[in-house]
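The block underneath contains the structure these notes are about, expressed in structure tokens.
The values are calculated or read from the model by the stated rules, or taken from the named source; none is laboratory data. Please read all numbers here as calculations on a predicted model, not as lab measurements. Quick reminder, even Gly has a Cβ in these numbers, built from the backbone with ideal geometry, and neighbours come from all protein chains shown.
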Amino acid sequence: MIHMNEKYNIICFSNQLWDYPNWTNKRHVMTRLGKLGHKVIFVDPPLNFGRVLFRQFQRGNWDFMRFLLGYKKEGNVLIYTPIKFYLFDRLFAFLFSEKINTLANSFFSKKNKKLLWIYNVEIEDLESYLKNIKRDFLIYDCVDYYAGFPRYSTKESKEKILTVEKKLTENADLVFATAPGLVDRLKKINLKTYYTPNVGDFEMFNGVIQKYENDKPKEMKKLKGPIIGYIGALDSYKFDYELLKKSALAYPEYNFVIIGDVALKDREGSLKELGLENISNIHFLGSIPFVKTPKYIAHFNCELIPYVYNDYTIGGCFPVKFFNTLSAGVPSVVTNLPVFSMYKNVTYISKTHDDFVKNIKLALEENSPKKIQDRVSVARENTWDSKVSNMLSIINSNLKR
């Protein structure tokens, strides 16, 4: 008999490092599971011995003891980072599996069921991990349409990653998916597919306007007039640079503050390449750690999500930043992605570029205490705590059968 207070042992495979400077949905979920008393082994994507590993030491994420052990602990979460010294990927997948099994034997509670929770379908030789890691239950948590990434630009590469995902989906006891398009696609493969949309960090962003009213970031202190912001990845496969340019030129009296790294087809880009270097009211601040973003959002008069339309954004994209913005009470202007349709009362959905530009002004003009309250109310219902609670309820229900 499984009860709502049942505790689990969880092995989570992520596609981003635990110590990534901007918190990911994987870390949000696993942190909260740990706080609820579940034991978690969070498996970073394998690191090659070299520059990336050295950078972790520079950032203070690693010390000699962590390097020696291969892991660190944060409460009920053990973060394990496989390090590859050679190129024998299949051998290392087996060795890493055995290491994970060993860690599980010493770290997990013997009486609790063991869940293998997979985010990372791109890990090399995933099949070996699935074969060799001991488990009672397999979960595939799909947060992206992987075949839509630029690195899968050929028909062969798309088919290869989709085949890996299909096999994982077929074998999973349970599938979570963060966007309606992902649910529709994966449910055709596995009927036990559940919609678990992305949510926001309500506690971090709610009330920030009042909290930071007299504490403006130094990069923004000299800016006069409305501030239109964007925080997040500036990848060319999803961010519409032309729409940003059109919006900035339409409102020279507004300041467009953009926070994030510029990326073109999986490489670093430049403002010159994008034709944005000489637009005086666009201010690129670069990347900042996630924990510092509330102070910036507090001084946005409006936040933008200017995403392009393609297989990736339409088929499987639900920006986490959307609910963070609602939590702060800040108005948002978004492009017409399917995930936003149910939130039309608390955001400005734009079907065309012209609509998007008009909606920026409308969002500023219509802002009111009532609209702020409406946004915050929706955000309060879409938190990481509520998402984790829903996921546990689904897991409990399926394990009872």
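The table below gives the values:
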{"item": "Residues of the range 99-143 satisfying the condition of being touching a strand residue (DSSP E or B) at 6+ places or on another chain (Cβ under 7 Å), charged (D, E, K, R) and not in a loop (DSSP other than H, G, I, E, B)", "result": "113, 114, 141"}
{"item": "Subset of the range 350-376 [closer than 17 Å to residue 246 by Cα and of a type outside the set (Gly, Ala, Ser)]", "result": "351, 352, 353, 354, 355, 356, 357, 358, 359, 360, 361, 362"}
{"item": "Per-region count, the range 381-401, residues more than 19 Å from residue 24 (Cβ to Cβ) and not hydrophobic (A, V, I, L, M, F, W, C)", "result": "8"}
{"item": "Residue tally, condition touching a helix residue (DSSP H, G or I) at 6+ places or on another chain (Cβ under 6 Å) and within 19 Å of residue 370 (Cβ to Cβ), over the range 314-329", "result": "4"}
{"item": "Criterion violated by residue 203 - all others in (1) surrounded by 13 or more Cβ atoms within 10 Å (Cβ to Cβ); (2) under 18 Å from the mean Cα position of the chain (by Cα) satisfied", "result": "(1)"}
{"item": "Selection from the range 252-280 of residues that are modelled with pLDDT under 95, outside any loop (DSSP other than H, G, I, E, B) and more than 26 Å from the chain's Cα centre (by Cα)", "result": "272, 273"}
{"item": "Test result for residue 190, surrounded by fewer than 16 Cβ atoms within 10 Å (Cβ to Cβ), closer than 22 Å to residue 127 by Cα and either touching a helix residue (DSSP H, G or I) at 6+ places or on another chain (Cβ under 8 Å) or at pLDDT below 95 (or both)", "result": "no"}
{"item": "Breaking point among (1) in contact (Cβ under 8 Å) with a residue 24 or more places away in the chain; (2) over 29 Å from residue 189 (Cα atoms), for residue 105", "result": "(1)"}
{"item": "Elements of type helices (runs of 4 or more DSSP H) contained in the range 158-251, each with 2 or more residues being of a type in the set (Ser, Thr, Tyr), in the same structural domain as residue 309 (by TED's automatic domain parsing) and free of Cβ contacts under 8 Å to residues at least 60 places away in the same chain", "result": "none"}
{"item": "Odd one out for residue 178, checked against (1) more than 25 Å from residue 322 (Cβ to Cβ); (2) surrounded by 18 or more Cβ atoms within 10 Å (Cβ to Cβ)", "result": "(1)"}
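To keep it simple, each residue is scored yes or no on (1) surrounded by fewer than 16 Cβ atoms within 10 Å (Cβ to Cβ); (2) modelled with pLDDT under 95.
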residue: 326; (1), (2): no, no
residue: 342; (1), (2): yes, yes
residue: 349; (1), (2): no, no
residue: 363; (1), (2): no, no
residue: 368; (1), (2): yes, no
residue: 374; (1), (2): yes, no
residue: 378; (1), (2): no, no
